[in-house]
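**Student:** Shown below is the structure under consideration.
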Amino acid sequence: SAKERGKNSYHMFAPDLQKITSDKMFIQNELNRALALGELTLYYQPQVNAKDGAIVGMEALIRWNHPERGLVSPDQFIAVAEETGLIVPIGEWVLRTACQQNKEWQNQGLPPIRVAVNLSARQFLKKDFTQMVASTLEATGLSPQYLELEITESTMIDVHRASNTLAELKQLGVHIAIDDFGTGYSSLSYLKEFPLNRLKIDRSFVRDMKKSPGNRAIVSTIISMAHNLELNVIAEGVETDDELAFLQENLCEEVQGYLFSRPLPRDEVTTFMEEQKRRIS
Ligand code: C2E
Ligand code: MG
Ligand code: MG
Ligand code: MG
């Protein structure tokens, strides 16, 4: 009977494997619903000039405003979204929302800044990706120079596809940053071949710089390598004055981290930027 078959198929799975599978399906269903009901939201973390503290950008970071579980961090759902392909519609939503928001800040008379958007490899390597970016910019009215796309070294594994897309994006005029730089175990040869703008030093190297000579060596080496390749550098996860001082001494252009601000909900960003504008003008 169907009941017996159902019972048998139940026993085909080890209990924990079955739990993992159903968790994944549960999250997938919930995520679909979240996207449809507008439960996804973007927080923004300021990126600042290391010399004078001027705001140069905002990184858009996704959150899931879950009705029962509260604010859920991307670490808890991006992997499932990637595996199920849901990252594609979610990623399009993120891009559109971030571009719209940045244009809105400009319309409010705030100094123009970049908005940085995180991309998963699956999204970036899709065939019509550049076209999607181009039509999003057109629809929102944001100039390409105010959009930065963050990709990771793992995206470079498909060298051929990545290089075509990067050339198209360069043509379009958007900026490209390599996120979590130094953690990806990939060849460095793409750095000299591809049109990139910025390396983003991973937080794991920035953290503990004070105690770790190894971290300091890695950070200063990444910065000088980037400069020799005519790339800019931003350090993520900057939490202390010591870390900032070391990055400044080593001529790191930009910094981002709790020392300046945590990621902020949209409405708090406006206040943060207005205060900054007053401080500078
Ligand atoms: P990421 O792009 O490397 O973002 C940096 C993460 O470090 C963020 O975590 C941020 O809140 C956190 N952070 C920033 N400054 C500090 C600091 O000073 N100290 C510490 N301890 N942490 C800091 P978050 O927001 O939880 O995002 C985690 C990851 O999720 C991101 O890492 C990114 O890979 C991914 N992600 C976030 N939003 C999106 C998205 O829209 N699409 C995709 N595909 N991935 C996303
Ligand atoms: Mg990022
Ligand atoms: Mg990062
Ligand atoms: Mg990271």
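**Student:** Please identify the longest segment of the chain free of exposed GluC sites (Glu not before Pro), where exposed means a DSSP state other than H, G, I, E or B and no more than 13 other Cβ atoms within 10 Å.
**Tutor:** The reported range is 69-229.
**Student:** Under 14 Å Cα to Cα from K51, which aspartates and glutamates show up? Leave out anything in the same chain fewer than 8 places away.
**Tutor:** Here the aspartates and glutamates satisfying the reach criterion relative to K51 are D241, E243, E249, E253, E254.
**Student:** Please give the solvent-accessible surface of T183 in Å², to the nearest 10, using a probe radius of 1.4 Å with every protein chain present.
**Tutor:** 60 Å²
**Student:** Now, a different point. Counting only residues 5 or more places away or on other chains, whose amide H sits under 5 Å from the amide H of E253 once H atoms are built in the peptide plane?
**Tutor:** Amide H neighbours of E253, under 5 Å, 5+ apart: V233.
**Student:** Modelled label-to-label distance, F272 and N65, 7 Å Cα→beta-carbon offset: nm?
**Tutor:** 1.7 nm
**Student:** Just the number, please: carbon plus sulfur as a percent of the accessible area of the chain, 1.4 Å probe, no ligands or DNA/RNA counted. The partial results should precede the final answer.
**Tutor:** Values: 7480 of 14800 Å².
Looking at the chain in its full context, I get 51 percent from C and S.
**Student:** So, one more: Which value in nm describes the separation of the simple spin-label points at L259 and D241, placed 7 Å from the Cα toward the beta carbon?
**Tutor:** 1.1 nm
**Student:** Let me ask another. What 222 nm value per residue comes from the helices of the chain, counting each DSSP H run with n ≥ 4 as -39,500 (n - 2.57) and dividing by all residues, nearest 500 deg cm²/dmol?
**Tutor:** Details: 12 runs with 140 residues, N = 281.
Rounded to the nearest 500, it is -15500 deg cm²/dmol.
**Student:** Could you please state, rounded to a whole Å, how far the C-alpha centre of region 186-224 is from the C-alpha centre of region 51-125?
**Tutor:** 23 Å
**Student:** Okay, next question. Counting only protein chains, not ligands or nucleic acids, how are V159, V174 ordered by accessible area (probe 1.4 Å), most first? Can you show the working numbers first?
**Tutor:** On the way: V159 80, V174 5 Å².
I get V159, V174, largest accessible area first.
**Student:** Using the reciprocal of the averaged 1/r over all distinct C-alpha pairs, how large is the Kirkwood radius of the chain in Å?
**Tutor:** Working: mean 1/r = 0.0491 Å⁻¹.
Evaluated over the chain, this radius sits at 20.4 Å.
**Student:** Let me ask you something else. Across region 54-68, in residue order, what do the Karplus-derived ³J(HN,Hα) couplings come to in whole Hz, using 6.51 cos²θ - 1.76 cosθ + 1.60 with θ = phi - 60° and x for Gly and Pro?
**Tutor:** Using θ = phi - 60°, the values come out as 5, 6, 10, x, 9, 8, 7, 10, 6, 9, 10, 7, 7, x, 9 Hz.
**Student:** Something else about it: Nearest 10 degrees, 0 to 90: what angle lies between the long axis of helix 2-12 and the longest principal axis of the chain (Cα atoms)?
**Tutor:** Around 50 degrees separate the two axes.
**Student:** If I stretch the segment between N107 and T183 completely, what's the gain in nm (0.36 nm per residue apart, minus their alpha carbon distance), one decimal?
**Tutor:** Net length gain for the segment: 23.6 nm.
**Student:** Probe of 1.4 angstrom, ligands and nucleic acids ignored: what's the accessible area per residue over region 71-161, in square angstrom?
**Tutor:** I get 44 Å² per residue for this part.
**Student:** Another question, then. If the cut-off is a Cα-Cα distance under 25 Å, which lysines reach K24, setting aside same-chain residues fewer than 8 apart in sequence?
**Tutor:** K3, K7, K126
**Student:** Using a Gaussian network for the chain with springs between C-alpha atoms less than 10 Å apart, which of these wobbles most: T165, T155, T84?
**Tutor:** Top of the fluctuation ranking is T84.
**Student:** Now for a different question. Determine the order of W64, W93 by accessible area, beginning with the largest, at a probe radius of 1.4 Å.
**Tutor:** In descending accessible area the options line up as W93, W64.
**Student:** Let me ask something additional. I want the local charge near R96. Using Cβ-Cβ distances under 13 Å, sum +1 for each Lys or Arg and -1 for each Asp or Glu among the other residues.
**Tutor:** -2
**Student:** What are the chymotrypsin sites (Phe, Trp or Tyr not before Pro) within region 227-275 that DSSP puts in a loop, where the Cβ has at most 15 other Cβ atoms within 10 Å?
**Tutor:** Y258
**Student:** How many Å² of accessible area per residue for region 174-256, probe 1.4 Å?
**Tutor:** Working: 3960 Å² over 83 residues.
With the other protein chains kept in place, region 174-256 gives 48 Å² per residue.
**Student:** List the aspartates and glutamates whose alpha-carbon lies under 15 Å from that of K277, not counting same-chain residues fewer than 8 positions away?
**Tutor:** Once the sequence-local aspartates and glutamates are set aside, what remains near K277 is D52, E268.
**Student:** For region 116-200, which chymotrypsin sites (Phe, Trp or Tyr not before Pro) are in a loop by DSSP, counting at most 14 other Cβ atoms within 10 Å? Don't skip to the answer; put the middle values down first.
**Tutor:** Working: sites: F124, F129, Y146, F181, Y185, Y190; in loops: Y185.
When the chymotrypsin sites (Phe, Trp or Tyr not before Pro) of region 116-200 are filtered for loop state and at most 14 Cβ neighbours within 10 Å, Y185 remain.
**Student:** What is the extension gain from I157 to A79, computed as 0.36 nm multiplied by their sequence separation minus the C-alpha to C-alpha distance, in nm to one decimal?
**Tutor:** Stretched out fully, the I157 to A79 stretch lengthens by 26.3 nm.
**Student:** Of the residues S120, S220, S135, which exhibits the maximal mean-square fluctuation in a Gaussian network model of the chain defined by a 10 Å Cα contact cut-off?
**Tutor:** Comparing S120, S220, S135 in the GNM, the peak value goes to S135.
**Student:** Taking the chain as a Gaussian network, where each spring joins two C-alpha atoms under 10 Å apart, which residue of R122, R114, R69 fluctuates the most?
**Tutor:** Highest fluctuation of the listed residues: R69.
The values are calculated or read from the model by the stated rules, or taken from the named source; none is laboratory data. Note that the structure is a prediction, hence the values are computed from the model and not measured. So basically every Cβ, Gly included, is an ideal-geometry build from the backbone, and we count neighbours across all protein chains shown. Surface accessibility is based on the protein's heavy atoms, side chains included, excluding ligands, DNA and RNA. Shrake-Rupley method; radii C 1.70, N 1.55, O 1.52, S 1.80 Å.
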